[in-house]
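Chemist: Sharing a structure with you now.
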Amino acid sequence: MQVLPSDVVAYNRTPEFTEGTVPAALRASHSTKQGVWGRIVVLEGELVYRIYGPPAEEHLLRPGAEGVVAPQDPHEVEPRGTVRFYVEFLR
């Protein structure tokens, strides 16, 4: 998983999602626009984060272990049981 560049600044974020409210679009392959980074913040539970790469990666996110979404990298998330999370967008 990539690391957020030190010069990016947050400009937006999603509402909090749970295992029952995760939009279908986040559960399927999607990507951010050019120049837009994402930070997946899990507040409770666990979330599987898949990056299609190359190289392909899979990470188990939980509180304190955030996911970084690089611009235009195809990815998806999958709740693992009860979860509460949001996505912050940076550029």
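Chemist: Using the count of nearby Cβ atoms within 10 Å as a rough guide to exposure, how do TYR49, TYR86 rank from fewest to most?
Modeler: Least crowded to most crowded, the residues run TYR86, TYR49.
Chemist: Next question, about the same structure. Could you calculate the contour length gain from GLN34 to VAL8, that is, 0.36 nm times the residue separation minus the distance between their Cα atoms, to one decimal place in nm?
Modeler: Contour length minus Cα-Cα distance gives 8.0 nm.
Chemist: Additional query: Would you calculate the separation in nanometres between label points at ARG62 and THR82, each defined as 7 Å from the Cα along the Cα-to-beta-carbon direction?
Modeler: Label at ARG62, label at THR82, 1.5 nm between them.
Chemist: Count the net charge of all other residues whose Cβ sits under 15 Å from the Cβ of HIS59, scoring Lys and Arg as +1 and Asp and Glu as -1.
Modeler: Combined, the nearby Lys, Arg, Asp and Glu give -3.
Chemist: Note down the nm distance, to one decimal, between modelled labels 7 Å out along Cα→Cβ at THR21 and at GLU44.
Modeler: Modelled inter-label distance: 1.1 nm.
Chemist: Just one of [x] 84; [y] 73; [z] 114 is volume of the Cα convex hull per residue in Å³ calculated from these coordinates, so which is it?
Modeler: Matching entry in [x] 84; [y] 73; [z] 114: [x].
Chemist: Using Cβ contacts closer than 10 Å as the measure, can you line up GLU44, GLU58 from fewest to most?
Modeler: Details: GLU44 13, GLU58 10.
By the 10 Å Cβ count, ascending, the order reads GLU58, GLU44.
Chemist: Count charges around ARG13 for me, please; just the other residues with Cβ under 15 Å from its Cβ, Lys/Arg as +1, Asp/Glu as -1.
Modeler: Details: positive: ARG39, ARG84, ARG91; negative: GLU16, GLU66, GLU88.
Net charge in that neighbourhood comes out at 0.
Chemist: Using Cβ contacts closer than 10 Å as the measure, can you line up PHE17, PHE85 from fewest to most? Don't skip to the end; give the middle numbers.
Modeler: Working: PHE17 19, PHE85 27.
Lowest count first: PHE17, PHE85.
Chemist: To the nearest 20 debye, what charge dipole does segment 10-90 have about its Cα centre, counting +1 at the Cβ of each Lys and Arg and -1 at the Cβ of each Asp and Glu?
Modeler: Approximately 160 debye in magnitude.
Chemist: Could you compute the net charge surrounding GLY45? Neighbours are other residues with a C-beta less than 13 Å from the C-beta of GLY45; K and R count +1, D and E count -1. Write out the running numbers ahead of the final one.
Modeler: On the way: positive: ARG62, ARG80, ARG84; negative: GLU16, GLU19, GLU44, GLU46, GLU78.
Summing Lys and Arg as +1 and Asp and Glu as -1 gives -2.
Chemist: Can you work out ³J(HN,Hα) from phi for every residue in segment 81-91, in order, using Karplus 6.51 cos²θ - 1.76 cosθ + 1.60 and θ = phi - 60°, giving whole Hz and x for Gly and Pro?
Modeler: Once θ is set to phi - 60°, the couplings for segment 81-91 become x, 5, 8, 9, 7, 9, 10, 9, 10, 9, 8 Hz.
Chemist: Turning to a different aspect of this structure: Residue by residue, what Karplus-based ³J(HN,Hα) values in Hz, rounded to whole numbers, does segment 22-32 have, using 6.51, -1.76 and 1.60 with θ = phi - 60° and x for Gly and Pro?
Modeler: With the stated coefficients, segment 22-32 comes to 4, x, 4, 4, 7, 7, 10, 4, 8, 8, 8 Hz.
Every number in this text was worked out from the coordinates using simple rules, so none of it is lab data. Predicted model only: the values in this text are computed from it and were never measured. Cβ: placed from backbone, ideal geometry, glycine included. Neighbour counts: every protein chain shown.
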